[in-house]
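Q: There's a structure below that I have some questions on.
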Amino acid sequence: MATSGLRRWLQGWLDAFEELSIEPQDFLPVGDYVAVPTHQRFRSKVGVEVEQDVTQVLRFRGGKVIYGTGYRVRSKALEAVGLSE
C-alpha cells in the first residue's frame, strides 16, 4: 500500500473513535525489530468501549517502520522476534 493509501486507511480507522489511548508499557529491541507491549483504550463515536493489551511488533529499516503487526498474546509477539517471557 502506498504511503498516501496507508494514511487514508489509518485516518478512516481513527475517525471511528471519540477517544483513543495507546500506552506503551515497554520497548524491547531485537535487531531490526522492536516489540512494544501496549495497553489500549478506545471509545467509538457510538459509545462502544474497548480496553485491551496488544503487543506491537515493528520492523525498521533506515529509521522507518517497514512492517508492523499486533499480537493479543504477548508470548507470541516475543516469540516472533526471538525472545521468550
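Q: Which of the residues belonging to region 54-68 are open to solvent by 40 Å² or more (accessible area, probe 1.4 Å), touching a strand residue (DSSP E or B) at 6+ places or on another chain (Cβ under 6 Å) and either touching a residue at least 24 places away in the same chain (Cβ under 8 Å) or polar (S, T, N, Q) (or both)?
A: 56, 58, 59
Q: Also, quick follow-up: Out of 40, 52, I need the residue that is touching a His at 6+ places or on another chain (Cβ under 9 Å) and within 21 Å of residue 17 (Cα to Cα). Which one?
A: 52 is the lone residue from the list that is touching a His at 6+ places or on another chain (Cβ under 9 Å) and within 21 Å of residue 17 (Cα to Cα).
Q: Any residue in region 1-21 that's farther than 19 Å from residue 66 by Cβ and in contact (Cβ under 8 Å) with a residue 12 or more places away in the chain: show its pairings with residues that are open to solvent by 80 Å² or more (accessible area, probe 1.4 Å) and in a loop (DSSP other than H, G, I, E, B) at Cβ separation under 8 Å, as long as the two are six or more apart or on different chains.
A: Listed pairs, sorted by first residue: 16/45; 17/45; 18/45.
Q: Can you spot a residue in region 11-28 that is on the phi > 0 side of the Ramachandran plot, open to solvent by less than 80 Å² (accessible area, probe 1.4 Å) and out of contact with any strand residue (DSSP E or B) (no Cβ under 7 Å at 6 or more places or on another chain)?
A: For region 11-28, residues on the phi > 0 side of the Ramachandran plot, open to solvent by less than 80 Å² (accessible area, probe 1.4 Å) and out of contact with any strand residue (DSSP E or B) (no Cβ under 7 Å at 6 or more places or on another chain): absent.
The values are calculated or read from the model by the stated rules, or taken from the named source; none is laboratory data. Note that the coordinates shown come from a computational prediction; the quantities given were computed from them, not determined experimentally. As a convention, Cβ positions derive from the backbone with ideal geometry for all residues, glycine included, and neighbour counts pool all protein chains shown. These area figures cover heavy atoms from the full protein model, side chains too; ligands, DNA and RNA do not enter into them. Shrake-Rupley method; radii C 1.70, N 1.55, O 1.52, S 1.80 Å.
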